[in-house]
Amino acid sequence: MYLRLISAALTVALILTMSGCAAKSELVSISVQPATVMMSAAGQTVQLTATGTYTHGQHPETTRDITNQVQWSSPAPEVVTVSNTGLVTAVGSGMIPITATMNTSSGPVTGAANVTSSAIPPAPRDLISLTIIPSSQPVTVLGEPTQFIAIGTFSSDPITQDLTTQATWQSSDVEVAPINSAGLALANSTGQTTITAIATSAGGNAISASALLTVASASGGVPLPALTLSQVGLGSGAVTSSPPGINCGSGAGCTASFPSGTSVLLTATPAPGSIFGGWSANCTPATAPPTGGTCTVVMNNNEAVGAIFDLGASATLQVVFSGAGTGVVTSVPAGINCGPTCSAGFVSGTSVTLTAMPNSGSSFGQWTGCDSTAGQSCTVLLNTSRTVTVTLTTP
């Protein structure tokens, strides 16, 4: 009798145990980290992660990363947007919850992070001013052509741009020298004429600049075509030529003459804190990397070439700590030393490597928001302001 009772009890226990093991795991909650985010610049990004907590019958709860499985949502995309992988981007100002939701058999389960953005949306890019290079040009031979270049300064990147083929060109005295739609003037008779370039802003305002062309007769042989190199933009740098003649950046040597038909190779090198924005369109190739580059102009006319140097745009890198552990994060190039300094500005396009060093009693967990990681290091290419999170844990 007792044996049968014991056997029945064991059977019931076994059934209950098997029932617990066979129970399907169920998502019961979602935690979004970091739970609180502060953003200060339009375009700044922060990577959110979603961790799901699951029940499994009578077994202990388990957690797993479900960042790429949840549905991310922003109730106000004009404040911040969120991608389907949890990357938040600041757009405007406000405080909103970013939610991560997953549907289950019992209904949707949602977690949220509170995001505060003080970003000011950038104003539309607009033309501010216009410059003509060269600002004055003497010509001593009738029939001699002179190339003028129109450079526009704008309110946002790219700050400086060649507008030669987009501007409207005028000559105050076409009998002295007419000018065509590409900014090329031709000396017809002695005298002076004012060369004007006109461009239109986004608001419809006419913005103009002027230069002086002087045509005078000269005795002696035919002069060699002159190359005038002008540095434009808010940055600085140096430009040299091959064959030698142009050595612009030392305060002199920005004009030189070369035999007609000569191909002149120009080389630009930006100064520290500046980036190279390219050449005027008459020097090819006009585009070049921010670190500098070369272009070639053929001296068939008096030529003016613009070398664009802009200030290196600043991008902010911010480090956010997560977890119960403590430690220090430093950066190469220098700037981040967190502890005391958890954010720093770098020239846009800089590759920054962060290294986490946990304090005694803490352990390194992970990086999120990086372009790549290697052990306790994180590498970020700062084309815009970014935020990364380091997780430090305790036993």
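Just so you know, all these numbers are worked out from the coordinates, no wet-lab data involved. What you are looking at is a predicted structure, and each value in this text was computed from that prediction instead of being measured. Every residue, glycine as well, gets a Cβ built from its backbone with ideal geometry; the counts of neighbours run over all protein chains shown.
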- the chain - mean residue ellipticity at 222 nm from DSSP helices (-39,500 (n - 2.57) per run, n ≥ 4, rounded to 500): -2000 deg cm²/dmol
- Item | Karplus 3J(HN,Hα) series, Hz, for the range 196-208 with 6.51 cos²θ - 1.76 cosθ + 1.60 (x for Gly, Pro) | 10, 10, 10, 10, 10, 6, 4, x, x, 7, 7, 10, 10
- Query: Under 5 Å between amide H atoms, partner at least 5 residues away or on a different chain: which partners does Asn188 have, H built in plane at 1.01 Å?
  - Reply: Gly143, Ala177
- Message: Suppose R0 equals 51 Å. What FRET efficiency, 1/(1 + (r/R0)^6) with r the Cβ-Cβ distance, do Glu26 and Leu311 give to the nearest 0.05?
- Response: 0.35
- Query: Between Gln69 and Ser156, how many nm apart are label points set 7 Å from Cα along the C-beta direction?
  - Reply: 3.9
- Length gained, Thr267-Ser105, 0.36 nm per residue minus C-alpha separation, equals 51.7 nm
- Note on the structure: Once Ala334 and Leu224 are pulled to full extension, the length gained, defined as 0.36 nm per residue separation minus their Cα-Cα distance, is 34.6 nm
- Item | Fully extended contour minus Cα-Cα distance, from Ser260 to Thr291, at 0.36 nm per residue | 8.1 nm
- Note on the structure: quick note, the chain, DSSP beta bridge pairs, % antiparallel (nearest 5) is 85
- From the coordinates shown, semi-axes √(5λ) of the Cα gyration tensor in Å corresponds to which of [x] 36, 27, 21; [y] 68, 22, 16; [z] 55, 28, 15: [y]
- Task: May I ask you to list the residues of the range 110-135 whose amide nitrogen lies under 17 Å from a point 7 Å from Cα along the Cα→beta-carbon direction of Gln170?
- Result: 130-132
- In degrees, nearest 10, range 0 to 90: what is the angle between the Cα axis of helix 2-22 and the longest Cα principal axis of the chain? 10
- Query: To the nearest 0.05, what FRET efficiency results for Thr355 and Met95 with a Förster distance of 41 Å applied to their C-beta separation?
  - Reply: 0.80
- Enumerate the calculated ³J(HN,Hα) couplings along the range 286-300 in order (Karplus 6.51 cos²θ - 1.76 cosθ + 1.60, θ = phi - 60°), each rounded to whole Hz, writing x wherever the residue is Gly or Pro. 6, 8, 7, x, x, 7, x, x, 10, 8, 10, 10, 9, 8, 8
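What FRET efficiency would be calculated for the residue pair Thr140, Ala182, taking the C-beta separation as r and a Förster radius of 25 Å, to the nearest 0.05? Mind showing how you got there, number by number?
On the way: r = 23 Å, r/R0 = 0.92.
My answer for the efficiency is 0.65.
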- Query: Simple spin-label model, 7 Å along Cα-to-Cβ: Asp126 to Ser377 in nm?
  - Reply: 4.6
